[in-house]
1. What pairs can you find where one residue is in the stretch 62-88 and within 12 Å of Tyr35 (Cβ to Cβ), the other is assigned to a helix (DSSP H, G or I) and aliphatic (A, V, I, L, M), and their Cβ atoms are less than 6 Å apart, with a gap of 6+ or different chains?
2. Restricting to the stretch 30-88, and then to whatever is within 28 Å of Leu20 (Cβ to Cβ) and among the basic types (Lys, Arg), can you tell me which residue is surrounded by the fewest Cβ atoms within 10 Å (Cβ to Cβ)?
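Bear in mind these aren't lab numbers, they're just calculated from the coordinates by the rules spelled out. Remember, it's a predicted structure, so these values are computed and weren't measured experimentally. Glycine also receives a Cβ, built like all others from the backbone with ideal geometry; neighbour counts cover every protein chain displayed.
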Amino acid sequence: MKVAAMEMGKRTKGNPTWELVKCPKQTGNKECGVYGMKFMKHLIEDPLMSTKYKLKELGEAATYEDEELNDIRLELVEYILDFINQGE
C-alpha cells in the first residue's frame, strides 16, 4: 500500500487501520464467487448511500437467500450471452 501511495504522490501516515467487516456467510462450498459478486454489487449499487451504511446492512444479513443468488447468476449469464452475441 505504501508503494501504491508513493506512486500516486500521496504520503502515508504510519500503518493502516484495518477494520473487520461482517458479511453474509455462504452455506456451501461452491457459492464463493456468487457471494463475492453479490457483495460487490451491493457496495456499488447506490452511489448516494455511504459505504459505511452499506457495510452495516451487509453485516446484518447472516446469509443470502437462494433467490438473491439466482438473480446474480442470471445477471452473469445475460452479461456473458450479450458479450458473445456482440461478436456475431
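1. From residues that are within 12 Å of Tyr35 (Cβ to Cβ), the pairs are Leu69/Val34; Ile72/Val34; Ile72/Met37.
2. Lys30
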